[in-house]
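Single-structure report; data block below.
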Amino acid sequence: MKAFTDLYTAIDQTTKTTAKTKALAAYFDTAPDTDKLWTIALFSSRRPKRTITTTKLRVWAAERAGIPLWLFEESYPIVGDLAETIALTLPPNSRTHNASLTAWIETLRALDHADEDTRKATVLDAWDQMGAAERLVFNKLLTGGFRVGISRKLMTRALAQATGQDEAALAHRLMGDWTPETTTYHALIEAQDAAASLSRPYPFCLAYGLEQAPEALGEPSEWRAEWKWDGIRGQLILRGGEHFVWSRGEDLMTDRFPELARARDFLPDGTVIDGEIVAWDGAAPLPFNDLQKRIGRKTVPKKLLKDAPVILLAYDLLEEDGEDLRARPFADRRARLDTLLGTLPGTAPVHSSPLIPFKTWGNLAESRARARDNRAEGLMIKSAAGPYHAGRKKGDWWKWKLDPLTIDAVMIYAQQGHGRRANLFTDFTFAVRHGNDLVPFTKAYSGLTDAEFRQITAWVRKNTLQRFGPVRQVRPEHVFEIAFEGIHASPRHKSGVALRFPRMKRWRHDKPLDEANTLDDLNAILAQYG
Amino acid sequence: MVLEFKPQGIYCPAGDFFIDPWHPVDRALITHGHADHAREGHNRYLATDIAAPVMRHRLGDITLDTVAYGEVREIGGARVSLHPAGHIPGSAQVRVEVGGEVWVVSGDYKTTPDRLCTPFEPVRCHSFITECTFGLPVFTWPSEADTAAEINAWWTANAAAGTYSLLGAYSLGKAQRLLSLLDPAVAPILTHGAVEATNAILRGQGIALPDTIHVTPELDPRAHPGALILAPPGALAGNWARRFRPASTGFASGWMRLRGVRRRRALDRGFVMSDHADWSGLNEAIKDTGAENIYPTHGYTDIFARWLNEEGYNAKPVPTEFTGETFEEDGA
């Protein structure tokens, strides 16, 4: 595991993308195939199954370090990362080892069926053979989550450099539900018949936010527009008489949305469609909140199927009759999609997401203003001539979202962040006024600059009224403008509402507490937009 | 009480003086010259003779009386002496004895020796007011030699690649400690004005430091390929540092023990080197005082006090503005 730890450390020690790619490519050049396969897996969110709970790890680490558990728990939020807290707390190792990354992962996997004494002995024994850097890596294997500033894209690029393969082709090979247990490095990366996997999705084409007026895009006739739906991006694959539904995060969601199985009755084999899964009331999408109830459920109770049935709003055709269409212009793909879906009855679980006609950018701006009425969060603008890119590429796909809704709220609780933001207060709870009370209604974590986070952190430390574990109640004094994308009624929240994508838009230094918005204001927004 | 906690800072009623007060007072005992301890506006100052030149440089024309380590002063009804704290040259712990009862204020301290400071000395007392900037078990320091080797290896590799090494360090204390550990054979060492000013003062006191080249507007960076540039952390991100390209950036501090802090600063390298005691250093220092009453200040005071209470001490976190929990402060 030494080489992998060195790689991890090298990546961690630089902020430069080129240096990270170089370190990764060098690793892929020299590591054994089994380690390479696991490295690819780890950097594409395929971590080994967790065999030990983090609760146990905390207890064992504190015990080994000879400190009370509460002291370990107090240290954790300050470090901001559990794997790191354990690595830093343990006493120095007494031995060393030469085992590979794969060997350690095998050791951990073998613990799945072991009793607790064996698990504990194995972990303590491992810790005792590793220096601080290696322990951190090992603990990351135990706790999952390998976020080290290596995007999947960067990993794929390094792998392309090391193997001499085309980056986009590699990105496609890496898609799907493979794990190091079900494949080999050779089968995944090198074998000619890489299309063997029927279920393998294409890498999703991703859009950038439009930051300027659309006039900058040039001639309107060279562009197409659609609603930007607030659902779950999904890829529907019909191959070999089966169907598969993938999320953008490469979760196989086929069983979660059984409605889409009927697509096989309407569409031919060898079809792959990109679209948005939305809860559907028969004519229009239901709010995201309705869909949310179905996320994370492996099986769906009958009532939910009835209350929040889903359809796929299709906006792109990636494969037709088994042929990969991605290199063709969007206008062509879109025409084929409309032909394919045009004759389907309204009861089919796949509908075409309509193109929005426009002659001028001014026309389109008018449509955008009506997005909320259409249950959309804005527009997508796509180049008529553009191919279907693998991943995020600037230039052909733009999202032109609505301006967010906003409300001025009072900060009442603060909590420290994690990772890069450890030791800064970055997680806040906000309230609206209601008579003499303050009613909490949302949390927000993002939107301030680092300098503002430092400033509010210093203030929180001096103005803490009460502590509840890691949460501090602070003097209600500061007003923030909270921006959000949607609002809906929620009996689970004390305020009766839940917000979509809340974040801090501005710190309203100019607003005193009594000018913050009220619960009535919030309810008025709910009545209008909920 | 021999010492009390007042809004202006730690106060001795018997001697009518304050220790490291943060608001102007008549008589102030100063543990060391860092800005959060040696503030402006007091009528009379008392510090060690070694700390005096830097304080005069930073605070200007002040009324400053000095003592040697261990020298006893009677101030009112209090017997006062200053003892080595090992934090930076001239830094002191303050021992205050009134009617046979002894209190010690640690100031900032580290228990492991370096090449510049008079080494930390434990002072027996009944009550110990101790800093605890790094009072958590996650803060344990590697040996100075290991970190020095790491920094020199980084510098050597940069120099070989034709890259400058920009090393951030507080201009008083940490910068000179690093200078004493750098290998001058690698390439020239350049310094920011704030660092060089402190260097000049310490050299004037007879403290040996390797040769350094002051970065002036006229200096041509190309004349010093592979140089290591020592500058205050704030200067690394600004225009000042831009003349040295390409550069790898590093910072030496106890906070570099935490990846989150390293990443937030967007540094290439973080080197763990602190002028404060680590977890075991704090615990040993407290034990060696023999004190029963411990008052943790400056740091994770609540957590550290709870730990000490469970260890059998009578510990109370110091209330008031002392609740620094200050982060990345001067000299950390």
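The values are calculated or read from the model by the stated rules, or taken from the named source; none is laboratory data. This is a predicted model, so every value here is computed, not measured. Quick reminder, even Gly has a Cβ in these numbers, built from the backbone with ideal geometry, and neighbours come from all protein chains shown.
Among (1) within 10 Å of chain B (Cβ to nearest Cβ); (2) within 23 Å of B:GLY254 (Cα to Cα), which single condition is A:LYS16 missing?
Against the list (1) within 10 Å of chain B (Cβ to nearest Cβ); (2) within 23 Å of B:GLY254 (Cα to Cα), A:LYS16 comes up short only on (2).
Can you find even one residue in the stretch A:22-29 that is closer than 26 Å to A:ASN423 by Cα and either out of contact with any Cys (no Cβ under 7 Å at 6 or more places or on another chain) or part of a helix (DSSP H, G or I) (or both)?
No, the stretch A:22-29 contains no residue that is closer than 26 Å to A:ASN423 by Cα and either out of contact with any Cys (no Cβ under 7 Å at 6 or more places or on another chain) or part of a helix (DSSP H, G or I) (or both).
Looking at this structure, is A:GLN466 in a strand (DSSP E or B), closer than 26 Å to B:ASP302 by Cα and either touching a Ser or Thr at 6+ places or on another chain (Cβ under 8 Å) or of a type outside the set (S, T, N, Q) (or both)?
no
How many residues are of a type in the set (A, V, I, L, M, F, W, C), in a helix (DSSP H, G or I) and within 14 Å of chain B (Cβ to nearest Cβ) when one looks only at the stretch A:30-72?
7
What pairs can you find where one residue is in the stretch A:422-439 and within 14 Å of another protein chain (Cβ to nearest Cβ), the other is surrounded by 18 or more Cβ atoms within 10 Å (Cβ to Cβ) and in a loop (DSSP other than H, G, I, E, B), and their Cβ atoms are less than 6 Å apart, with a gap of 6+ or different chains?
Taking only residues 6 or more apart or on different chains, the pairs are A:ALA422/A:GLY80.
Table: residues versus (1) at pLDDT below 95; (2) surrounded by fewer than 20 Cβ atoms within 10 Å (Cβ to Cβ); (3) under 21 Å from A:GLU134 (Cβ atoms).
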position	(1), (2), (3)
A:LYS16	yes, yes, no
A:ASP29	yes, yes, no
A:ALA41	yes, no, yes
A:THR53	yes, yes, no
A:TRP60	no, yes, yes
A:TRP70	no, yes, no
A:VAL79	yes, no, yes
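Evaluate the following for B:ARG58: is it surrounded by fewer than 19 Cβ atoms within 10 Å (Cβ to Cβ) and among the charged types (D, E, K, R)?
So B:ARG58 fits the description; yes.
In the stretch B:156-187, which residues are among the polar types (S, T, N, Q) and in a helix (DSSP H, G or I)?
Answer for the stretch B:156-187, where residues must be among the polar types (S, T, N, Q) and in a helix (DSSP H, G or I): B:THR156, B:ASN158, B:GLN176, B:SER180.
Name the single residue, out of those in the stretch A:440-464 being closer than 24 Å to A:LEU405 by Cβ and aromatic (Phe, Trp, Tyr), that is farthest from the other protein chains (Cβ to nearest Cβ).
If we take residues in the stretch A:440-464 being closer than 24 Å to A:LEU405 by Cβ and aromatic (Phe, Trp, Tyr), then A:PHE441 is farthest from the other protein chains (Cβ to nearest Cβ).
Return the residues of the stretch A:347-357 that are under 20 Å from A:GLY234 (Cα atoms) and either surrounded by fewer than 20 Cβ atoms within 10 Å (Cβ to Cβ) or without any contact (Cβ under 8 Å) to a residue 60 or more places away in the chain (or both); say none if nothing qualifies.
Within the stretch A:347-357, A:THR347, A:ALA348, A:HIS351, A:SER352, A:PRO354, A:LEU355 meet the criteria.
If we keep just the residues of the stretch B:133-148 that are away from chain A (no Cβ under 13 Å) and of a type in the set (A, V, I, L, M, F, W, C), which is farthest from B:LEU282 (Cα to Cα)?
B:ALA148
Determine whether the stretch B:315-332 contains at least one residue that is at pLDDT 95 or above and either farther than 26 Å from B:HIS37 by Cα or within 12 Å of chain A (Cβ to nearest Cβ) (or both).
No: the stretch B:315-332 contains no residue that is at pLDDT 95 or above and either farther than 26 Å from B:HIS37 by Cα or within 12 Å of chain A (Cβ to nearest Cβ) (or both).
Among the residues that make up the stretch A:413-428, is at least one of them polar (S, T, N, Q), part of a loop (DSSP other than H, G, I, E, B) and out of contact with any strand residue (DSSP E or B) (no Cβ under 7 Å at 6 or more places or on another chain)?
No, every residue in the stretch A:413-428 fails to be polar (S, T, N, Q), part of a loop (DSSP other than H, G, I, E, B) and out of contact with any strand residue (DSSP E or B) (no Cβ under 7 Å at 6 or more places or on another chain).
Mind checking which helices (runs of 4 or more DSSP H) fall wholly inside the stretch A:117-196 and carry at least 3 residues that are surrounded by 15 or more Cβ atoms within 10 Å (Cβ to Cβ) and assigned by TED's automatic domain parsing to the domain that holds A:PRO32?
Passing ranges, in order: A:132-143.
Assess whether A:THR85 counts as being among the hydroxyl-bearing types (Ser, Thr, Tyr), within 12 Å of chain B (Cβ to nearest Cβ) and farther than 19 Å from A:GLY417 by Cβ.
no
From (1) in a loop (DSSP other than H, G, I, E, B); (2) within 23 Å of A:ALA169 (Cα to Cα); (3) in contact with a strand residue (DSSP E or B) (Cβ under 9 Å, 6 or more places away or on another chain), pick out the condition that doesn't hold for A:ASP316.
(1)
From A:GLN235, A:GLN165, which residue is in contact with a Pro (Cβ under 8 Å, 6 or more places away or on another chain) and among the polar types (S, T, N, Q)?
Sole residue among the options that is in contact with a Pro (Cβ under 8 Å, 6 or more places away or on another chain) and among the polar types (S, T, N, Q): A:GLN235.
Which residues, taken from the stretch B:268-303, are within 14 Å of another protein chain (Cβ to nearest Cβ) and without any contact (Cβ under 8 Å) to a residue 60 or more places away in the chain?
Hits for the stretch B:268-303 are B:ASP268, B:GLY270, B:ASN283, B:ASP302.
Do we have any residue at all in the stretch B:224-237 that's without any contact (Cβ under 8 Å) to a residue 40 or more places away in the chain, within 14 Å of another protein chain (Cβ to nearest Cβ) and at positive phi?
No.
Tell me yes or no: at least one residue of the stretch B:246-260 is of a type in the set (Val, Ile, Thr), out of contact with any Pro (no Cβ under 6 Å at 6 or more places or on another chain) and outside the structural domain of B:GLY86 (by TED's automatic domain parsing).
Within the stretch B:246-260, one or more residues are of a type in the set (Val, Ile, Thr), out of contact with any Pro (no Cβ under 6 Å at 6 or more places or on another chain) and outside the structural domain of B:GLY86 (by TED's automatic domain parsing).
List the pairs whose first member sits in the stretch B:138-155 and is under 17 Å from A:PRO91 (Cβ atoms) and surrounded by 17 or more Cβ atoms within 10 Å (Cβ to Cβ), whose second member is among the acidic types (Asp, Glu) and modelled with pLDDT of 95 or more, and whose Cβ atoms are under 8 Å apart, counting only residues at least 6 apart or on separate chains?
Within 8 Å, the pairs are B:PHE139/B:ASP278; B:THR140/B:ASP278; B:TRP141/B:ASP278.
Restricting to the stretch B:16-53, what's the tally of residues that are in a loop (DSSP other than H, G, I, E, B) and without any contact (Cβ under 8 Å) to a residue 60 or more places away in the chain?
The number of residues fulfilling the criteria is 14.
Do we have B:ASP61 as in contact (Cβ under 8 Å) with a residue 60 or more places away in the chain and not hydroxyl-bearing (Ser, Thr, Tyr) here?
Judged against the criteria, B:ASP61 is not a match.
Among the residues that make up the stretch A:220-229, is at least one of them in contact (Cβ under 8 Å) with a residue 24 or more places away in the chain, within 20 Å of A:LYS293 (Cα to Cα) and touching a strand residue (DSSP E or B) at 6+ places or on another chain (Cβ under 9 Å)?
Yes, there is a match, as at least one residue in the stretch A:220-229 is in contact (Cβ under 8 Å) with a residue 24 or more places away in the chain, within 20 Å of A:LYS293 (Cα to Cα) and touching a strand residue (DSSP E or B) at 6+ places or on another chain (Cβ under 9 Å).
Please determine, by comparing only the residues of the stretch B:118-132 that are in contact (Cβ under 8 Å) with a residue 60 or more places away in the chain and not in a strand (DSSP E or B), which one is farthest from the other protein chains (Cβ to nearest Cβ).
The extreme case among them is B:THR118.
State which residue is farthest from the chain's Cα centre (by Cα) when the search covers only the stretch A:440-463 and only residues that are among the hydroxyl-bearing types (Ser, Thr, Tyr) and not in a helix (DSSP H, G or I).
Applying the filter and picking the extreme gives A:THR449.
Pairs please, first residue from the stretch A:383-399 and assigned to a loop (DSSP other than H, G, I, E, B), second anywhere and among the small types (Gly, Ala, Ser), Cβ atoms under 6 Å, 6+ apart in sequence or on different chains.
A:ALA384/A:ALA331; A:PRO387/A:ALA327; A:ALA390/A:ALA168; A:ALA390/A:ALA171; A:ASP396/A:SER383; A:ASP396/A:GLY386
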